[in-house]
Amino acid sequence: MTQKIVVDFGLCEANGVCMGIIPEVFDLDEDDYLHVLQEDVTPENEEQVREAVRQCPRQAIAIEDA
Ligand code: SF4
């Protein structure tokens, strides 16, 4: 089953913690708007994505079954 990364942009305060953990997936642009560059959770990124979920101070990142 595929799992997808979902960000609640209403909660996100664009502090870049997630980008610091895995910039291949999370990117803050010049306007402090967060982009999810890669929505799929993969064997390669899963560990760091889960770390970003844990460390997000706003608990804005979730992993959902697609
Ligand atoms: S760590 Fe959380 S609050 Fe910070 S930019 Fe990422 S999603 Fe937004």
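When the helices of the chain are scored as -39500 (n - 2.57) per DSSP H run of n ≥ 4 and the total is divided over every residue, the value at 222 nm lands at -6000 deg cm²/dmol.
Taking label points 7 Å from Cα along the Cα-to-Cβ direction, Gln48 and Phe9 give a separation of 2.4 nm. The angle between the Cα long axis of helix 46-55 and the longest principal axis of the Cα atoms of the chain comes to about 40 degrees, rounded to the nearest 10. Placing +1 on the Cβ of every Lys and Arg and -1 on the Cβ of every Asp and Glu, with nothing else charged, gives the chain a dipole about its Cα centre of roughly 300 debye.
Amide hydrogen proximity for Leu28: with H placed 1.01 Å from N in the peptide plane, the residues at 5 or more positions away or on another chain lying under 5 Å are His35. Element breakdown for the chain at a 1.4 angstrom probe: carbon and sulfur atoms account for 44% of the accessible area.
The values are calculated or read from the model by the stated rules, or taken from the named source; none is laboratory data. A quick note: this is a predicted structure, and the numbers were derived from the prediction, not measured. All Cβ positions, even for glycine, are placed from backbone atoms using ideal geometry, and neighbour counts span all protein chains on display. Just the protein is used for accessible areas: all its heavy atoms, side chains included, with ligands, DNA and RNA removed. Shrake-Rupley method; radii C 1.70, N 1.55, O 1.52, S 1.80 Å.
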